[in-house]
């Protein structure tokens with residue numbers, strides 16, 4: 001039985017940098033508000049401010065996760081906190097990684113650092129502006145110097161995440177906070193950064209626009225895209 005349903009944002013609730021599908025989000029919101037449904041929350045790689053805004057948009061009243069679960073925002077109090085594994089040592093490593101990433105990104109005028117994130121090194125761009133070339137260089141350097149970090153990517157982003165702060169740790173943290181077991185959690189994600197969490201939850205989902213390796217792993221790969229797939233998955237576990 002699913003007691004907690006967690007959704008990624010980019011690629012699931014909305015496509016990055018595109019207009020929100022307000023009619024479909026409203027259909028989801030009406031379901032979230034129905035009695036007897038699982039509790040709905042978020043786990044996104046996005047920074048705090050964006051996750052706070054999405055929490056408010058959806059009318060959620062439970063904690064949500066930002067920066068891949070390295071941070072938790074409680075909408076009922078307005079307070080945020082970092083995961084206990086975000087230690088001073090990890091913070092120093094993140095700063096060193098960010099400095100290296102900045103030297104790489106400087107080679108590509110069409111890319112930039114994600115200035116909002118605090119617990120990971122993050123950059124944004126697209127393939128035609130050198131994203132995958134930068135990814136190869138960053139991935140190799142991180143693997144050689146910081147093997148306790150994972151390098152994830154989408155078609156528009158690169159995230160270097162501490163291995164103790166993936167979405168698996170975040171969702172496990174949220175489950176404890178909510179008083180449920182991980183087996184009672186359902187999660188929908190679309191990229192390789194979601195894989196650690198999708199492997200540990202009781203029910204896993206991916207939209208049709210997700211990466212092939214994610215579709216191959218999950219319990220349920222939808223034929224629907226983004227928010228429609230979220231609605232379908234939420235209905236399935238309700």
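For region 1-37, the tally of residues that are touching a helix residue (DSSP H, G or I) at 6+ places or on another chain (Cβ under 9 Å), over 29 Å from residue 157 (Cα atoms), at pLDDT 95 or above and in a loop (DSSP other than H, G, I, E, B) stands at 3. Looking only at residues that are more than 23 Å from residue 101 (Cα to Cα) and in contact with a helix residue (DSSP H, G or I) (Cβ under 8 Å, 6 or more places away or on another chain) in region 152-178, which one is surrounded by the fewest Cβ atoms within 10 Å (Cβ to Cβ)? Looking at the filtered set, the residue picked out is 172. The numbered conditions (1) in the same structural domain as residue 23 (by TED's automatic domain parsing); (2) closer than 12 Å to residue 160 by Cα; (3) touching a strand residue (DSSP E or B) at 6+ places or on another chain (Cβ under 6 Å) are all true for residue 71 except (2). Inspect region 15-23 for any residue being in contact with a strand residue (DSSP E or B) (Cβ under 6 Å, 6 or more places away or on another chain) and either outside the structural domain of residue 114 (by TED's automatic domain parsing) or surrounded by 18 or more Cβ atoms within 10 Å (Cβ to Cβ) (or both) and give the result as yes or no. Taking every residue of region 15-23 in turn, at least one turns out to be in contact with a strand residue (DSSP E or B) (Cβ under 6 Å, 6 or more places away or on another chain) and either outside the structural domain of residue 114 (by TED's automatic domain parsing) or surrounded by 18 or more Cβ atoms within 10 Å (Cβ to Cβ) (or both). Taking the numbered list (1) more than 21 Å from residue 12 (Cα to Cα); (2) in contact (Cβ under 8 Å) with a residue 24 or more places away in the chain; (3) in the same structural domain as residue 32 (by TED's automatic domain parsing); (4) touching a helix residue (DSSP H, G or I) at 6+ places or on another chain (Cβ under 9 Å) in turn, residue 181 passes all entries but (2). No other residue among 45, 78 is free of Cβ contacts under 8 Å to residues at least 40 places away in the same chain and either surrounded by fewer than 16 Cβ atoms within 10 Å (Cβ to Cβ) or touching a strand residue (DSSP E or B) at 6+ places or on another chain (Cβ under 8 Å) (or both) apart from 78. Assess whether residue 60 counts as being surrounded by 17 or more Cβ atoms within 10 Å (Cβ to Cβ) and assigned to a loop (DSSP other than H, G, I, E, B). For residue 60, the condition - surrounded by 17 or more Cβ atoms within 10 Å (Cβ to Cβ) and assigned to a loop (DSSP other than H, G, I, E, B) - is met. With the structure loaded, tell me whether residue 97 is outside any loop (DSSP other than H, G, I, E, B) and surrounded by fewer than 20 Cβ atoms within 10 Å (Cβ to Cβ) or whether it fails that test. Considered against the rule, which asks whether it is outside any loop (DSSP other than H, G, I, E, B) and surrounded by fewer than 20 Cβ atoms within 10 Å (Cβ to Cβ), residue 97 comes out as no.
The values are calculated or read from the model by the stated rules, or taken from the named source; none is laboratory data. This structure is a prediction, so every number in the text was calculated from the model and none was measured. So basically every Cβ, Gly included, is an ideal-geometry build from the backbone, and we count neighbours across all protein chains shown.
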